[in-house]
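Okay, structure first, notes after.
Each reported figure results from applying straightforward, stated rules to the coordinates on display, with no laboratory input. Computed from a predicted model, the values in this text were never measured in an experiment. Glycine gets a Cβ as well: all are built from the backbone with ideal geometry, and neighbour counts include every protein chain shown.
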Amino acid sequence: MAPGALVESEPKEVIFHAGKGAQKRYVLSGSDLKPTFESIPTVDFQNATSLDIDERRAVAREVYEAFTKVGFLYAINHGINKDLQDRTTSVIKEFFGLPHEEKMKIHINKSPVIKGYEGYLETRLDERTPGDLKEAFNIADDPYDPEQNAPPDLDLSTYPPPPLNQWPENPATFRSTIYEYRAAAQNFASTLLRIIALALDLPEDYFDHMTSFPMAGLRALHYPPQPTAADDAIGIGAHADYSWITLVNQLTDTPALEVLNANGHWVPAPPVEGSLVVNVGDFLERATNDKFVSTVHRVRNISGRERYSLAYFFSPSQDVMIKTVSTCLAPGETAKYEDVKAGDWQLERLLRARVNHPTSIAARQRGEI
Ligand SMILES: O=C(O)CCC(=O)C(=O)O
Ligand SMILES: [Fe+2]
């Protein structure tokens with residue numbers, strides 16, 4: 001290269017998956033730079049359930065700031081205790097350490113709702129890579145799992161016949177521990193829903209109806225170390241979440257999560273002991289007419305160490321209509337999005353992201369995706 005030639009150290013655009021498919025964001029520099037975040041704020045939820053409304057409102061103001069400007073926050077004092085976190089980390093590590101054939105017994109292709117074990121390179125969010133360098137275990141809302149206490153009047157006709165979730169035989173305490181964690185995460189999500197309602201100037205119980213049998217999924221993840229900074233390697237390609245909110249527990253101290261700011265720069269979100277990463281998903285972005293941002297993120301494990309994490313995706317019950325919240329529209333302003341049924345919208349996105357799954361192939365043949 002000639003002396004003085006420009007060295008392109010960063011790609012000029014970032015490609016990510018959000019909404020209906022691949023989108024682009026330009027990487028800005030110099031005078032093009034916009035005001036945007038450079039770090040992830042921390043919000044203390046100690047007072048989120050205080051008996052004093054002013055204290056609850058103070059938490060809501062911080063959540064409003066974080067969700068409008070960043071779309072991500074670190075939550076502390078979220079109520080998931082260290083003992084449960086340690087036991088959860090331990091069963092997850094043990095599960096991923098099982099022989100491949102053992103994990104394949106519960107492969108997602110055996111579940112009509114794409115739940116169970118998913119191996120390395122099976123998803124590919126970034127088409128420039130061979131696939132996402134991670135393995136995962138997924139569960140979702142499943143009325144046939146007694147631990148989920150489905151309401152007696154739930155319309156089962158919207159669910160395929162059992163089995164939906166698939167559980168490994170080992171470790172023996174895997175299922176009970178994962179359900180214990182799910183209950184704790186759901187508890188915090190319910191608190192958060194009330195704080196979000198306050199932040200949007202709504203009655204605190206405004207979103208409570210969404211939780212009668214929420215689409216609450218858990219996804220345990222294992223990312224092996226990837227070759228340092230290789231462009232064609234990624235743990236999970238850049239994407240926005242199809243959830244209402246996501247709670248990510250970075251189970252170990254391995255940094256790898258990165259969040260995209262408005263300038264197309266990646267801001268690290270390293271593990272902070274005792275915290276959960278909370279991010280806005282596409283449903284909440286839609287309902288707030290883009291006031292809260294469903295921010296793009298990715299996982300790149302260049303630490304040289306194994307990384308484990310556990311994401312809890314909270315979405316409303318299947319039959320809830322996602323409508324624009326009135327307080328998010330200025331007088332005369334119209335909603336950017338049409339109303340959608342939560343279950344239909346989520347399923348479509350799930351199927352699009354798993355092109356080779358039998359349920360996706362069948363939906364494509366019927367022209368549904
Ligand atoms: O592992 C993480 O930190 C994040 C995972 C994630 O973004 C996802 O599963 O949607
Ligand atoms: Fe995500």
Under a no-solvent Debye model with one identical scatterer per Cα of region 124-240, what's log10 I(q)/I(0) at q = 0.11, 0.12, 0.14, 0.22 Å⁻¹?
-> -0.57, -0.66, -0.84, -1.18
Give, as a single signed number, the net charge of other residues whose beta carbon lies under 15 Å from the beta carbon of K105, with Lys and Arg counted +1 and Asp and Glu -1.
-> -1
Using the scaling law 2.2 N^0.38 Å as the reference, what is the normalised Cα Rg of region 139-196?
-> 1.31
P(r) weight above 31 Å for the chain, C-alpha pairs, percent | 34 percent
Principal axes of region 52-122: Cα extent on each, largest first, Å | 54, 28, 20
Kirkwood hydrodynamic radius over Cα pairs of region 87-167, then Stokes diffusion coefficient at 25 °C and 0.890 mPa s, in µm²/s = 170 µm²/s
To the nearest 20 debye, what is the magnitude of the charge dipole of the chain about its Cα centre, counting +1 on the Cβ of each Lys and Arg and -1 on the Cβ of each Asp and Glu?
-> 760 debye
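When all alpha-carbon pairs of region 266-322 are counted, what percent fall beyond 14 Å?
Roughly 68 percent, rounded to a whole number.
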Protection-proxy order for peptides 311-318, 327-334, each taking the mean of Cβ atoms within 10 Å per residue, highest first = 311-318, 327-334
Provide Rg over Rh for region 188-308; use the alpha carbon set for both Rg and the Kirkwood Rh (inverse mean inverse pair distance).
-> 1.01
Which of T49, P316, A220 sits closest to the plus end of the dipole of the chain, meaning its Cα is farthest towards the positive end, when Lys and Arg get +1 and Asp and Glu get -1 on the C-beta?
-> A220
By Kyte-Doolittle mean hydropathy of at least -0.5 and Cα axial length of at least 20 Å, which whole DSSP H helices of the chain are selected?
-> 174-199
Fraction of the pair-distance distribution of region 254-369 above 25 Å, Cα-Cα pairs, percent = 43 percent
Taking the dipole of region 60-155 about the Cα centre (Lys, Arg +1; Asp, Glu -1; charges at Cβ), the one of Q85, L133, N109 that reaches farthest to the positive side is L133
